[in-house]
Structures are given as structure tokens and as C-alpha cells.
Amino acid sequence: MRASARVHAELSEGGNCVNIVVFGATGGVGQHVVRHAVAAGHTVTAFVRSPEKLEVADGVTIVQGNAFDAESVARAIEEHDVVISCLSSSAPMKPSTEVAQMTQNVVAGMQRAGVDRIAYCASAGVDGELTGAVGKSMMWLLRNPLADHRAALAQIAEAGLNYTIAQPTGLSNGEFDPNYLEAFTGMPPAMRSIPRASVAHFLIRAIEQPEVYSRTSVGLALGKG
């Protein structure tokens, strides 16, 4: 396993500015992605079905649409450098192919627009990397959303896109903590639930540092308290 690394620095305003389109921007992680991206000085487009749910609108271009509509997804991706996907199913614990369907549209739209870079929020266990009785129980409990994510990630890989996959352990609504742990193989040791704001911070960090995070899947968690 490559050693886990603590993240200490905040994102710097205006550094490495890129044009980002965010899918799933009104979700728990997506809201924080928009917030972090704007604070870091990036150009941000939020693709949303319900614009009124977006908490941060200043400095954000809002595109209203449905991620199940391939044409509207493709149009939203045009003229952007990077896609960040925080898409989730409407029934996350039940059998579903919603994330895979929406991701198929995102991948097709990226190919049409010539956009190569995507940062994607998945979940711990998507690679079957959780071990021990607790880990196996967690993967069984999450078997339906994990299967949906796996199908989505297979589409990204088959398209040859330059991806970063975030694999956070249990998510919390706690305050942003920059001192989260990363593992490029498996999961960080002594992992604790990670705030959604910290996962969002990682997704922005990943697109700012492609030399570190291109074509990687990264386990995320808080260390011991």
C-alpha cells in the first residue's frame, strides 16, 4: 500500500483556475464541491434539476437539466475543462442502475466535447477493498449502490478517460476537516467517517493536481481523533 497522506493546506484562491461542470451539485457532497470550487477561484457550472436547492449561487453558472437527458448533459459539458460527478441514485439502498445511466450520458458528453478529465465521488468498498468482518458486512449492506457505482466506473474506464475516483468511508455532516487521510491502495488505517465537505475538498484538490491524482482511486477517511 502506498502510504496514506494527510492533507494540510487549504485550496488557494485563483491558482490553476479551470472551468468545472459539476453534476449532482445539489447533493450532500456536491453542494460543498461548488462552495470549495468557487472559493478556490475556479469557473463553476452547476448542472441541476432543481436550481432552488443550490445553496451557493454567487459566482456559479446554473444550468437546469436532467442527467438522464443525454443531449442536455452533452451541451452542459461543452467548453469546460473538467467534470466533477457527485451523482447518486434516488433510491440509494435499493437495486438501481440510475448512477450508471447518468454516468453513461456524462461519458458520452465528455467524448463529444473532447473533455478528458473527471473526478468522481464513489464509496469505500467499490473495489471490494474493505476487509475483515466489519468491512465485508459494510459491503454487503451497500451492495446495491456499490454495484451501481461499479457499472458507472466501468464506463469511465472503458472510455479511457483521465479519472480520479474518491472512495470515502462513511460520510458525515461534520465541519470541514482538512486533515483527512488518503490511501492510493485500499483504505487508510483506523478510518473514521469523513465530512462531506472534506470529500469535496479532495475532489477539487484532485483536479488541481493531476500530476498526483490522474488515473487513481483514493480511499478517504479521518484518522484517529
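The values are calculated or read from the model by the stated rules, or taken from the named source; none is laboratory data. Just so it is clear, the structure is predicted and the values come from calculations on it, not from any experiment. Here the Cβ is made from the backbone with ideal geometry for all residues, glycine too, and neighbour counts use every protein chain on show. Only protein heavy atoms, including side chains, enter the accessible area calculation; ligands, DNA and RNA are left aside. Shrake-Rupley method; radii C 1.70, N 1.55, O 1.52, S 1.80 Å.
Tabulated data
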| item | result |
| --- | --- |
| Subset tally (residues that are assigned to a helix (DSSP H, G or I), among the β-branched types (V, I, T) and surrounded by fewer than 16 Cβ atoms within 10 Å (Cβ to Cβ)) for segment 128-183 | 1 |
| Any strands (runs of 3 or more DSSP E) falling wholly within segment 16-95 and containing at least 3 residues that are closer than 19 Å to H149 by Cβ | 82-85 |
| Qualifying position, being of a type outside the set (D, E), in a helix (DSSP H, G or I), modelled with pLDDT of 95 or more and open to solvent by less than 30 Å² (accessible area, probe 1.4 Å), among V218, V199 | V199 |
| Only listed residue being at pLDDT 95 or above and more than 22 Å from A100 (Cα to Cα), chosen from E182, E158 | E182 |
| Residues being touching a residue at least 60 places away in the same chain (Cβ under 8 Å), open to solvent by less than 50 Å² (accessible area, probe 1.4 Å) and within 15 Å of the chain's Cα centre (by Cα) - total across segment 35-59 | 2 |
